Amino acid sequence: MFQVRIHGRGGQGVVTGAEMLSIAAFEGGRHAQAFPSFGSERTGAPVVAFCRMDEREIRLREPIMEPDALIIQDPTLLHQVDVFSGLKKDGYILINTTRSFDQLGLGDFVKWFHPERLLTVPATELAMKHLGRPLPNVPLLGAFAALGGLVTLEAVHAAIDAKFKGKVAQGNKDAAAEAFAIVMEQERLAEGAHHV
C-alpha cells in the first residue's frame, strides 16, 4: 500500500486534491481512498488530507501516520506544523515552492533522503499562469504523477475531466502537464548527480 499525506491551508483545494489523486489511482486500476482530517475549517487554517492506493481492497480508515509521500501545498507550514511526522526514510517529499530544500532551511533534515525523491514545483505560479487562480492542488497532482509511476499523467487528466469542464479542465490539464515536466527534469538531474 502506498500512502500519501497532503498538507495545505483551507481554501487551497487540499481535500479536492486528495480526492482527485484517488480518482487518478482508480483510473490506473488501483483501489484508492481519500479523506480529510478537519480541525478548524476556516480559510488559511492548516488542513491535512490523506490518500491511500493499493492493488488490493483497502480496509484501513485511520489517518496516515507513516506516509510514503508528502505533498506540501503551502511551504509556510514547514516551520509551523510537523509536516514530516512519520515520513519513511525512503519517502518522497513534494513541496509547492520556487526555492530549494536548502533555501527552505531543510538541508540538514533531508540529507539522508534519496535526492531524486526531494522535489519542488512552483504549483501556485503554474495555477496562476494556466487558470488565473492561486490553487496549487492540480499542478501538484501532475507533479506527483512524475514520482515513481504510481499514477500516470493520463490518469490525472482523467481525474481533472471528472471534476472540471471546459476551459477550467483544460487549464488544469496544462498546469498538471507543465508540473509533470518540471519534476521529470528534476528527477533526471538528481539521478545524473547521483551516478557521478
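For Ser22, the accessible area of its heavy atoms, probed at 1.4 Å with every protein chain present, is near 20 square angstrom. Restricting segment 50-157 to chymotrypsin sites (Phe, Trp or Tyr not before Pro) that sit in a DSSP loop and have at most 16 other Cβ atoms within 10 Å of their own Cβ leaves Trp112. Indicate the gyration tensor shape class of segment 93-196 (rounded, prolate or oblate), computed on the Cα atoms with a ≥ b ≥ c the square roots of the eigenvalues: a/c under 1.5 is rounded; otherwise a/b larger than b/c is prolate and the rest oblate. Because a/c hits 1.5 or more and a/b exceeds b/c, segment 93-196 counts as prolate.
Projecting the Cα atoms of Ala155, Gln170, Tyr92 onto the dipole axis of segment 51-196, where Lys and Arg carry +1 and Asp and Glu carry -1 at the beta carbon, places Gln170 farthest toward the positive end. For segment 17-86, the Cβ-based charge dipole about the Cα centre amounts to some 120 debye (Lys, Arg positive; Asp, Glu negative; other atoms uncharged). Using a probe of 1.4 Å on the protein chains alone, the accessible area found for Leu60 is around 60 Å². Dipole check for segment 51-196: with +1 at the C-beta of Lys and Arg, -1 at the C-beta of Asp and Glu, and the Cα centre as origin, the magnitude is about 440 Debye.
Here the label points at Gln103 and Met128, each 7 Å from Cα along the C-beta direction, are separated by 1.4 nm in the simple model. Close amide H pairs (under 5 Å, H built 1.01 Å from N) link Thr120 with Ile95, residues at least 5 positions away or on another chain. Just going by the charge dipole of the chain, with Lys and Arg at +1 and Asp and Glu at -1 on Cβ, which of Gly11, Gly142, Phe113 is farthest out on the positive end? Farthest towards the positive pole: Gly11. Contact order for the chain, expressed relative to its length and based on alpha carbon pairs under 8 Å spaced 6+ residues apart, stands at 21 percent. Listed options for semi-axes √(5λ) of the Cα gyration tensor in Å are (i) 31, 18, 13; (ii) 22, 19, 18; (iii) 29, 15, 14. The value calculated from this structure is the one marked (ii). Projecting label points 7 angstrom from Cα along Cα→Cβ for Gln80 and Glu185 puts them 3.0 nm apart.
Let me spell out the model: positive unit charges on the Cβ of Lys and Arg, negative unit charges on the Cβ of Asp and Glu, origin at the Cα centre of segment 124-172. What dipole size does that give, in debye rounded to 20?
About 220 debye.
Here the spin labels are modelled as points 7 Å beyond Cα on the Cα-Cβ line, and at Lys88 and Ala193 they lie 2.4 nm apart. Taking trypsin sites (Lys or Arg not before Pro) in DSSP loop states with no more than 13 other Cβ atoms inside 10 Å as exposed sites, the chain has its longest site-free stretch at 112-164. By the helix-only formula, in which each DSSP H run with n ≥ 4 contributes -39500 (n - 2.57) and the sum is divided by residues, the chain has a 222 nm mean residue ellipticity of -12000 deg cm²/dmol.
The values are calculated or read from the model by the stated rules, or taken from the named source; none is laboratory data. Nothing here was measured: the structure is a model prediction, and the numbers come from that model. No Cβ is skipped: glycine too gets one built from the backbone with ideal geometry, and neighbour counts run over all protein chains shown. Note: areas computed on protein heavy atoms with side chains; ligands, DNA, RNA excluded. Shrake-Rupley method; radii C 1.70, N 1.55, O 1.52, S 1.80 Å.
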